[in-house]
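The values are calculated or read from the model by the stated rules, or taken from the named source; none is laboratory data. What you see is a predicted model, and the numbers here were worked out from it, not measured in a lab. Glycine also receives a Cβ, built like all others from the backbone with ideal geometry; neighbour counts cover every protein chain displayed.
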């Protein structure tokens, strides 16, 4: 019965997407647009609706869309396939493979337990230990689900159980607090590094195609550092006050961490190799403007070293489904977005919206602030960060720039907040279903805390972050 209901739902959603696309396709073309530009928009819009309703996996939807664009002669075949050769896509594929080595070696788990051993003295310091653990490993794990679900979640679940905190009556002893800490920490670290979340490179590509702004790994990290660190420092304490655990002191946490580290034993050969590769990659990414070594080349080198030293086997690479799924949906989407920008559609939207803003007499700061607020809280309607970025990032960025916002400031702000908005709901990011599914936090509590912490982080990133970005000369 469940399978039949799922099939009926998928069939209904497929019919909605198809009907939406057909109706738009045959609508009159708006004045000022070419037929090709309108048809590209229809394909793009139907693709995003497909991402939201998901009658098929998003990789399949993206492939169907890009195939139809070639079949309908909306794009030439080489234009339709151009996205699959994009260097940013290969950066994120290599970063996924890097993350597999990180998890396979056990290095990420070891780092987390070492941090817990060093500063895990109470529920609050354990909150900071988990936050620091996520931060340290985030540049090498572009999948927030892999970072939160594959590395951190098993640790905090084990800690909660050891303290007698299970879903239900004992959830508030410790488990509910630490689950919330990790989910919010994961979103903040996603915002801090280009390689910390799979959707970030899509923002980079859309910024380049829409307004011609190039976002590098270093420029991203430097601009995000100050607001990100403040958010990471504030968040565990605010949650500790808003949603306090019943257990405050944690004298056994150090012993638990030492026990786990004892079981793991001394660092293995592959852990040492992955550690060296990790540090080397960070150094090369951070100094790319000096060395002139492209970030994608650095990531490819990292993967090659791990293959040469047998940290990763070729079978590991073939089995990294997340990387290849990302290639399909992102390659297709980048091709469509690139063509849409070239067609003049985005410029037309920006010009039209800019005229409305100018007629209303709004300053660029006011217009930008309104657009940011709408962009962030619209995430209540999205179950995918990718779908949200795909649907709104380019248009909102173009409108902001048309209203007078500094291009680099706008590109980075929308990119950062694409991650900061994740905790609004329990389905707002890939890590949500894993952590919420543990059963420690009710949906009502989750949404309440999500709204409060997200709003606080928006204030931090636009307020204190805005001052930092002024110092950096972004506006």
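Summary table
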quantity	calculated
Qualifying position, being part of a loop (DSSP other than H, G, I, E, B), on the phi < 0 side of the Ramachandran plot, at pLDDT 90 or above and buried (at least 16 other Cβ atoms within 10 Å of the Cβ), among 215, 239	215
Residue within segment 250-272 that is over 30 Å from residue 311 (Cβ atoms), touching a residue at least 12 places away in the same chain (Cβ under 8 Å) and either exposed (fewer than 15 other Cβ atoms within 10 Å of the Cβ) or outside the structural domain of residue 313 (by TED's automatic domain parsing) (or both) present	yes
Residue count, segment 329-355 (criterion: at pLDDT 80 or above and either outside any helix (DSSP H, G or I) or farther than 16 Å from residue 43 by Cα (or both))	3
Verdict on residue 96 being assigned by TED's automatic domain parsing to the domain that holds residue 282 and closer than 19 Å to residue 198 by Cα	yes
Some residue of segment 130-140 being under 23 Å from residue 249 (Cβ atoms), in the same structural domain as residue 256 (by TED's automatic domain parsing), surrounded by fewer than 22 Cβ atoms within 10 Å (Cβ to Cβ) and touching a helix residue (DSSP H, G or I) at 6+ places or on another chain (Cβ under 9 Å)	yes
Any pair with Cβ under 9 angstrom, 6 or more apart, that starts in segment 106-129 at a residue that is touching a residue at least 40 places away in the same chain (Cβ under 8 Å) and ends at one that is part of a strand (DSSP E or B)	121/249; 122/249; 123/249
Conditions (1) outside any helix (DSSP H, G or I); (2) at negative phi: number failed by residue 298	(1)
Qualifying residue in segment 181-196 (condition: in contact (Cβ under 8 Å) with a residue 24 or more places away in the chain and surrounded by fewer than 23 Cβ atoms within 10 Å (Cβ to Cβ))	no
Residue match in segment 419-428 (condition: surrounded by 23 or more Cβ atoms within 10 Å (Cβ to Cβ), more than 15 Å from the chain's Cα centre (by Cα) and either at pLDDT 90 or above or more than 20 Å from residue 213 (Cα to Cα) (or both))	no
Filtered residue count, segment 432-465, keeping only those that are surrounded by 18 or more Cβ atoms within 10 Å (Cβ to Cβ) and in a helix (DSSP H, G or I)	15
Tally, over segment 429-462, of residues that are farther than 19 Å from residue 379 by Cα and modelled with pLDDT of 95 or more	0
Residue in segment 99-115 that is modelled with pLDDT under 85, outside the structural domain of residue 240 (by TED's automatic domain parsing) and under 28 Å from residue 427 (Cα atoms) present	no
Restricting segment 413-427 to residues that are outside any helix (DSSP H, G or I) and either in contact with a strand residue (DSSP E or B) (Cβ under 8 Å, 6 or more places away or on another chain) or touching a residue at least 40 places away in the same chain (Cβ under 8 Å) (or both), the residue that is farthest from residue 179 (Cα to Cα)	421
Qualifying residue in segment 313-324 (condition: assigned to a helix (DSSP H, G or I), at pLDDT 90 or above, within 26 Å of the chain's Cα centre (by Cα) and more than 28 Å from residue 389 (Cα to Cα))	yes
Unmet requirement for residue 401, which otherwise passes all of (1) assigned to a helix (DSSP H, G or I); (2) under 21 Å from the mean Cα position of the chain (by Cα)	(2)
Selection within segment 43-78 - out of contact with any helix residue (DSSP H, G or I) (no Cβ under 6 Å at 6 or more places or on another chain) and over 21 Å from residue 199 (Cβ atoms)	67, 68, 71, 72, 73, 76, 78
Test: residue in segment 242-253 that is modelled with pLDDT of 90 or more, touching a helix residue (DSSP H, G or I) at 6+ places or on another chain (Cβ under 9 Å) and in a helix (DSSP H, G or I)	yes
